[in-house]
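In what follows, a structure is listed as structure tokens, so that the remarks can point back to it.
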Amino acid sequence: MSKALAGSRFAVCLCTLAISAIAQAQNAAEHIVTNVTAELAARAADHGAPMPKLRTAERVVPGDVLIYTVEVRNAGNYAAESAVVVQPVPNHMMYVADSAVGPGVDVDYSVDGGRTFGQPEDLKLAGAVVTASAADYTHIRWRLRNRLKPNSIAYVRFRAQVR
């Protein structure tokens, strides 16, 4: 597949990136809504010094690294206690190790399509005895340690590289 064709195919996937992150909460009355955006890290010069700049990931090619930002919003009338957000690593992308972040969150990962989660050192591929690598991650889970007040927003992020 040519890079141009691959880039346009990925662009279509990314432009329709209403990948609905799976929002889970302990209390069924909680109403967690998520919105995902993908941006490409680019370099721009500011007074001669290189500065990182994010731009919309409209067209990407293999090797590009995208920064995914997941907006986690409590659209309910009550505070969300211990909200959990699960985000799949998009197809044709490879999670960048140690890049999942967010304030006041615990992060764990899945290598089996989101059925089970664990810390990197505990993840094994089916039938394997060696520890899985970040390239094997299929899903990322953020567990918010703090309550999310009504109409409040939290942001979590991760990086992934186009395969």
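Structural remarks
- Estimated inter-spin distance, VAL101 and ARG163, nm [label 7 Å along Cα→Cβ]: 2.7
- Projecting label points 7 angstrom from Cα along Cα→Cβ for ALA128 and ARG55 puts them 3.5 nm apart.
- Oblate is the label for segment 25-163, because a/c, from the alpha-carbon gyration tensor with a ≥ b ≥ c as root eigenvalues, is 1.5 or above and a/b does not exceed b/c.
- Förster radius 30 Å - calculated FRET efficiency between TYR78 and ASP112, Cβ distance, rounded to 0.05: 0.35
- One Cα centroid belongs to segment 55-77, the other to segment 98-152; the line between them spans 17 Å.
Readers should treat all values here as calculations from the given coordinates under stated rules, not as data from a laboratory. Predicted model only: the values in this text are computed from it and were never measured. FYI the Cβ positions are ideal-geometry reconstructions off the backbone, even for glycines, and counts take in every protein chain you see.
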